[in-house]
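Here the structure comes first, spelled out in structure tokens, and everything after it is commentary.
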Amino acid sequence: MNLPHIDFSVITPELIVIATALVVMLAEFVGAHATPSPTRSHRIALIALLGLVLAALAAVAGLGRAATDIQGMLVADDLGRYLELVVLLAAALGLLLAWDYLPQFTKMHSEYYALYLLAVVGMMFMGKSTELITLFVSLEILSVALYVLTGFHRGQLAAGEAALKYFLLGAFSSAFFIYGAALLYGDTGSTHLVDIAARASGGFLTLAGLALLLVGFGFKLAVVPFHMWTPDVYQGAPTPVTAFMSVGTKAAAFVALFRVLQAAGVSYATWSLVLALLATLTMTWGNLAALRQSSLKRMLAYSSIAHAGYMLIGVTAGMQLGLSAVLFYLFAYAFMNIGAFAVVSLLERPGYHATQDATIDAARGLFARKPLLAVVMAIFLLSLAGVPPLAGFFGKLYLFNAAVQSGWIWLAIVGMINSVVSAYYYLRVTVLMFMTEADETSFLRSPLSNATGLAIAVAMVGTLLLGIFAGPWLQQLGQAALAFAGS
Amino acid sequence: MLNYSWLILLFPAVGALFNAFWGRRLGPRLVKLVANAAVLASFVVAVLMAISLQALPASAHGQFELTLWPWIHSGDFRVDLAMLIDPLSVVMALVITGVGFVIHLYAAEYMKLDDEHQPLDDRRYARFFVYLNFFILMMLTLVLANNFLQMYVGWEGVGLASYLLIGFWFHKPSAADAGKKAFIVNRVGDFGLALAIMWLFFLLGRDAGSLAFNDIFHALDGATLAVKSALGGVTLLLLLAATGKSAQIPLFVWLPDAMEGPTPVSALIHAATMVTAGVYMIARTHPLFELAPGTMTIVAWIGAITALMAASIAMVQTDLKRILAYSTISQLGYMFLAVGVGAYAAGIFHLTTHALYKALLFLAAGSVMHALHGELNIDLMGGLKAKMPRTYWQFLIGAAALAGFPLLAGFWSKDEILYFTFQQNKALYAIGLGTAFLTAFYSFRAVFRAFAGKPRDQHLYEHAHEQSQGMVAPLWVLAFGAVFAGLIGIPAAVGGLFGLEESHMLEQWLHPVFADVSLPSLPVVWELSLLAGSSLVALLGIYLAYARYVQQAGWTLFLQRLFTPLQSLLEHKYYVDELYTAVIVNPLRTLATFFYRFSDQTLIEGIVNGLGRVTMVVGGGVARLQSGMVGLYALSVLVGVVGLLALMFLVG
């Protein structure tokens, strides 16, 4: 029997994370009286964190090397490595948030971190897939892990409801995705993206196949009208999970989407218009719905829908400019969004019920209570709103610029109007923090744990640095985008 | 060592941030320790900078540029965040941090009480020192900038600090108004600076690819005639900026009101440092001014007339701090006169000595104010010498230096200005000399009215008491400076008499900066006669004050009656405030009301609020679609699928 040759260096970071997941799972059984305790949980979390850091180092070490692949199914190019870095960054920040959050409500620490790492692996694989079956499998790896993580707060009705909804709708949309893959296979006789690009007929099967794949992506990215699950799931899931998946899933799905579109077998003119319309719908819907939310997590859920819409502008703009802008935005979004979620996790009442979780009123008078925290939160929110000189501003600037450069001027204008609308709900929180007195509705989980503090600090520094060194960083990402677009 | 010059900026920045975040928790003791240590550390750095500057090789032309980090890079154009360390900026840094440190020390004690003589709460105490350190940071940014943009940052920064500190007692309407007035009047000048920088950018900066002083001045060599003639406009705008910050005609009106701020602020910002920024800026950009002789003449005349006008107003003021404020305007006028006639080193010399003795005067006045529970009216004082002997001596030394009493600091620097003016324009010289007479008179009027004679308000007098060591002791440092600082600028003619080879150290120190400027000189005899003339005028002024307020001689009363018609004009400060209100403020207000009522409230707000309301209503509708029913969610996906397929086939 001939074993296929496998170049394991292509998936070094993934292997590290998988190994870590196994270690974390086994860690439960180490020690004679394995009673769960916060210290124990911290030990497990530390192992997981080390694994993530190692994987990130492996990804960084690979940067700039020529692209290699495994049987045309997985590719390790710079685009993939940057994707790994975003996912690992989001994962590490989310893990720091879980550090002290998790022991509050569960004793199953190994399970949590193992599943968490598997979701990370799924995302990393997804962004490196160049073949539809691999893509689908990695999509499912991350999805299944996230379904469980969403419902991890088992005593909670809202968590169970969220997990069930996520699972049902996820399965529903996966079906469309795999059907789309089947149609493309029927059209071209291959599931490899290279072959699809070469052989696609451009007729009914191609169009329908691509459309159904888009449904699958749209679901993961929370694109309107496939977004309905997002607010419920983001609200019901433990905040660290929400923070992580709002960034990680998006990153993986966006990169995979770029890979699929490059090989779409359908002309740019066709899919770009479809995406432009989806982008418009998504941004507008997300921002409008966010205006009236009273729960911070729900507000950020709608905000994340809107941000998916902004990033779709970059996808619409097409390969090189659009891709580097989206990559930049993903990094910026990882910092500012997880930073915001980190502060939100501090505003949550322990043992909350879904209807009284972190409400925006909890932020009342935060500045008087914790000035530094309020300033930091304001920076995250202003960055999300796109205020210079923060990361979010440059992210939007590059996206809109990419749109204008490729002729989508009206789309850029829609994006800007949406930014203005979004400023309302971000600033509303800021106003509550700075200009109102604390009252009985305000709340702050204290003391601030070191892990959460570290996560907030990293997110903060990232938000500022990406704003200051926006140009050089974009150039860096631009090279990866150029290599990909030219390949 | 010069590579570490950025430390001078770091210390006050850290001090301000530290106190801003933790000041309230630390309590006043640590707050003042941090704030004072920061300024002291900066002063040490400034001294080290001065020392290492001398060690530079001759090829460096006495200057050192330290680039901290790239700031704006756009195509060929680049502006870095960088420091220009040369004799001029180092002298300024020494004055700012040196005088600043003494004032910080004084303020640590002074600010224990608020404006109503009640103990000041810790929070506001901390805030005060945050502002004060922030001011030092911005002032240093201003003088150490190597380019126009960075100087502009400092320029605006000190304006902000000044605004915050004038209105420090913001619960008092007069203080809040004074802060606003200072800010708005300065805005006129700042706008001039902004325009000047933009214009310079188009004239020279664009081709030079930079806004750094060195690059711009370098580009002047190859500039066309058209560019050079446009410099007249640029320098006029720069002058406008300088008149705002340095309180000269026509923008001087804010400075007297600025006395609403706590006294250390008046001393630090509104006498010793910030208000000299205009003089510094003209000295720094003198290559531009040298090419615009017309502007130079205007600078000199503005300086001279402001000096005379402010000095004459100071003669009739009864508020001690206001006398000093007008005196500051007047002295700044001298500095303008100096730079206007091209005697930049003399201007900087006067700036330095003035910083010392005027800070001294203000702080001594602050001691009096504390002693009298906030009373500043000299008509109600008298006889304080007995109650506050040390403060009396300090004020006396300051006043004597201000009056140009021979051999004290102010004497040398003022005389040097008059000396250079004399060679250029006799009329300007006459105004300068006349002002010197008025200066001597009003400064000793203040001394005699406050400290000599009999108490005019027995109640106030009973309660007066000498201030604590914490406030009195630092002033001796300034008093020492007020007496001896003149020695750094003894003219060659006098130095020669005593066989000194090294005379006028300051001028030699500044020589690398002003090497391109050559000034004529007069025979030694002339120089000495001018010195004698100034001395005589100063002594005459002092004598007149003595005769009028101590001896109360009959002929002085006669003199006063002679000038009665003038007095009302002076007491109303030439009606300048009233003029500005009638000509500028009121018409603008009418116009603004119209725009506000009609275009803003009705038109624009209607549209904006309408849009906002529509958005909110739509948002509410969109959010309500989220019912929580899974079936509905699935339906939404299905609708999406159908829509997407349809769309694909439509376009594809």
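In square nanometres, what is one fourth of the surface area of the convex hull spanned by the alpha carbons of the range B:412-532?
Computing the convex hull of the Cα atoms and averaging its projections yields 11.3 nm².
State the percent of C-alpha pairs, over all pairs in chain A, separated by a distance greater than 36 angstrom.
More than 36 Å apart: 24 percent of the Cα pairs in chain A.
Treating only the Cβ of Lys, Arg, Asp and Glu as charged (+1, +1, -1, -1), what charge dipole size does chain A show about its Cα centre? Round to the nearest 20 debye.
So the dipole magnitude of chain A works out to roughly 640 debye.
Kindly state, to the nearest 0.05, the FRET efficiency for A:L464 paired with B:D577, given R0 = 51 Å and r defined as their beta-carbon distance.
Efficiency for this residue pair is about 0.65.
Largest first and in whole Å, give the semi-axes of the range B:493-652's equivalent ellipsoid, each being the square root of 5 times a Cα gyration tensor eigenvalue.
82, 35, 16
How high is the relative contact order of chain B? Use alpha-carbon pairs under 8 Å, at least six apart in sequence, and give a whole percent.
It rounds to 11 percent for chain B.
Rounded to the nearest 0.05, what FRET efficiency is calculated for B:W476 and B:A532 with R0 set to 41 Å and r the Cβ-Cβ distance?
My answer for the efficiency is 0.85.
Determine the sum of side-chain charges near B:A283: Lys and Arg each +1, Asp and Glu each -1, restricted to other residues whose C-beta is under 15 angstrom from that of B:A283.
Local charge sum for B:A283: -3.
Quick one: compute a quarter of the convex hull surface over the Cα atoms of chain B and quote it in nm².
39.9
Radius of gyration and Dmax for the protein assembly as shown's Cα atoms, expressed in Å?
Rg and Dmax of the protein assembly as shown, Cα atoms, are 36.4, 129 Å.
Just want the answer: with Cβ charges of +1 for Lys and Arg and -1 for Asp and Glu, which residue in A:V315, A:A289, A:G236 is farthest toward the dipole's positive end in chain A?
Going by the charge dipole, the pick is A:A289.
If you stretched the chain out fully between B:L650 and B:V585, how much longer would it get, using 0.36 nm times the residue separation minus the C-alpha to C-alpha distance?
17.0 nm
Quick one: Cα centre-to-centre distance for the range B:412-474 and the range A:122-137, in angstrom?
When both Cα centres are located, 84 Å separates them.
Using alpha carbons only, how many angstrom separate the centre of the range B:41-93 from the centre of the range B:133-154?
Answer, in whole Å: 12.
Which of A:L26, A:G51, A:A90 sits closest to the plus end of the dipole of the range A:22-106, meaning its Cα is farthest towards the positive end, when Lys and Arg get +1 and Asp and Glu get -1 on the C-beta?
Of the options given, the answer is A:L26.
Note down, for the range A:269-487, the three equivalent ellipsoid semi-axes (square root of 5 times each alpha carbon gyration tensor eigenvalue), biggest first, whole angstrom.
For the range A:269-487, the ellipsoid semi-axes come out as 33, 19, 13 Å.
Just order A:401-410, B:13-22 by mean Cβ neighbour count inside 10 Å, highest at the front, would you?
B:13-22, A:401-410
What's the ranking of B:184-193, B:622-631, A:117-126, B:590-599 by average number of surrounding C-beta atoms within 10 Å, highest first?
Ranked by mean Cβ neighbours within 10 Å, highest first: A:117-126, B:184-193, B:622-631, B:590-599.
Would you work out the charge dipole size for the range A:269-487 about its Cα centre, treating the Cβ of every Lys and Arg as +1 and the Cβ of every Asp and Glu as -1, and quote it to the nearest 20 debye?
Charge dipole, the range A:269-487, about its Cα centre: 20 debye, nearest 20.
Averaged over peptide B:615-625, how many Cβ atoms belonging to another chain are found within 10 Å of each residue's Cβ?
Per residue, the number of nearby Cβ atoms from other chains is 6 on average.
Between B:H373 and B:Q469, what is the label-point separation in nm under the 7 Å Cα-to-beta-carbon projection?
2.8
With a 1.4 Å probe and all protein chains kept in place, how do B:R123, B:R284, B:R456 rank by accessible area, largest first?
Heavy-atom accessible area, descending, gives B:R123, B:R456, B:R284.
Give the whole-number value, in cubic angstrom per residue, of the convex hull volume spanned by the C-alpha atoms of the range B:12-63.
Hull volume over Cα atoms, normalised by residue count, gives 55 Å³.
Describe numerically, in nm with one decimal, the distance between label points set 7 Å from Cα along Cα→Cβ at B:S627 and at A:I409.
It works out to 4.3 nm between the two label points.
Taking the Cβ-Cβ separation of B:L539 and B:V618 as r and a Förster radius of 60 Å, what is the calculated FRET efficiency to the nearest 0.05?
It comes to 0.15.
About the Cα centre, and with charges only on the beta carbon of Lys, Arg (+1) and Asp, Glu (-1), how big is the dipole of the protein assembly as shown? Nearest 20 debye, please.
That gives a dipole near 1780 debye.
Can you find, among A:V148, B:I378, B:F101, the residue farthest towards the positive end of the dipole of the protein assembly as shown? Put +1 on the C-beta of Lys and Arg, -1 on that of Asp and Glu.
Result: B:I378, furthest along the dipole toward the positive end.
Ranked from highest to lowest mean number of other Cβ atoms within 10 Å per residue, what is the order of the peptides A:263-275, B:247-259, A:13-25, A:440-452?
Those peptides, ordered most packed to least, come out B:247-259, A:13-25, A:263-275, A:440-452.
Could you compute the net charge surrounding B:L26? Neighbours are other residues with a C-beta less than 12 Å from the C-beta of B:L26; K and R count +1, D and E count -1.
+4
Checking an interface number: how much accessible area is buried between A and B, summed over both chains, with a 1.4 Å probe, in Å² rounded to 100?
Approximately 3000 Å², summed over both chains.
Round to a whole number: what % of the accessible area of chain A belongs to carbon and sulfur, probe 1.4 Å?
Answer for chain A: carbon and sulfur cover 70 percent of the accessible area.
Give a residue-ordered list of calculated ³J(HN,Hα) values for the range B:387-396 (Karplus: 6.51 cos²θ - 1.76 cosθ + 1.60, θ = phi - 60°; whole Hz; x for Gly, Pro).
Whole-Hz 3J(HN,Hα) from phi for the range B:387-396: 7, 10, x, 5, 4, 4, 5, 5, 5, 4.
May I ask for the angle, rounded to the nearest 10°, between helix B:426-451 and the longest principal axis of chain B, with both axes built from Cα atoms and the value confined to 0 to 90°?
Helix B:426-451 sits roughly 90 degrees off the main axis of chain B.
What are the principal axis extents of the Cα atoms in the range A:237-359, in Å, biggest first?
Its Cα atoms span 51, 24, 18 Å along the three principal axes.
Using a 7 Å offset from the Cα along the Cα-to-Cβ direction at both B:D516 and B:D76, what is the distance between the two label points in nm, to one decimal?
Those two pseudo-labels are separated by 2.1 nm.
Rounded to the nearest Å, what's the spacing between the alpha carbon centres of the range A:253-332 and the range A:359-422? Just the number, please.
15
Taking a label point 7 Å from the Cα of A:S267 along the Cα→Cβ vector, which residues of the range A:188-212 have an amide N closer than 13 Å to it?
Once the point is set 7 Å along Cα→Cβ of A:S267, A:202-203 turn out to lie under 13 Å by backbone N, inside the range A:188-212.
Can you give the net charge of the other residues whose Cβ lies under 15 Å from the Cβ of B:S5, counting K and R as +1 and D and E as -1?
For residues surrounding B:S5, the net value is -3.
Quick one: which of B:K454/B:K573; A:K107/A:K297; B:K112/B:K172 span more than 21 angstrom between C-alpha atoms?
Violating the 21 Å limit, Cα to Cα: B:K454/B:K573; A:K107/A:K297.
How large is the accessible surface per residue of chain A, computed with a 1.4 Å probe and reported in Å² as a whole number?
Per-residue accessible area for chain A comes out at 34 Å².
At 10 °C and 1.306 mPa s, grab the translational diffusion coefficient of the range B:116-225 from Stokes-Einstein with a Kirkwood Rh over Cα pairs, rounded to a whole number in µm² per second.
99
Using a cut-off of under 14 Å, list every residue of the range A:190-234 whose amide N is near the label point 7 Å from the Cα of A:A182 along the Cα-to-beta-carbon line.
Zone members listed by number: A:209, A:212-213.
Please average, across the residues of B:628-636, the number of beta carbons from any other chain that are within 10 Å of each residue's own beta carbon, and give a whole number.
The shielding value for this peptide is 5.
The values are calculated or read from the model by the stated rules, or taken from the named source; none is laboratory data. Just so it is clear, the model here is predicted, and its values are computed rather than measured. All Cβ positions, glycine included, derive from the backbone under ideal geometry; neighbour counts span all protein chains shown. Protein only, heavy atoms only, side chains kept; ligands, DNA and RNA dropped before computing areas. Shrake-Rupley method; radii C 1.70, N 1.55, O 1.52, S 1.80 Å.
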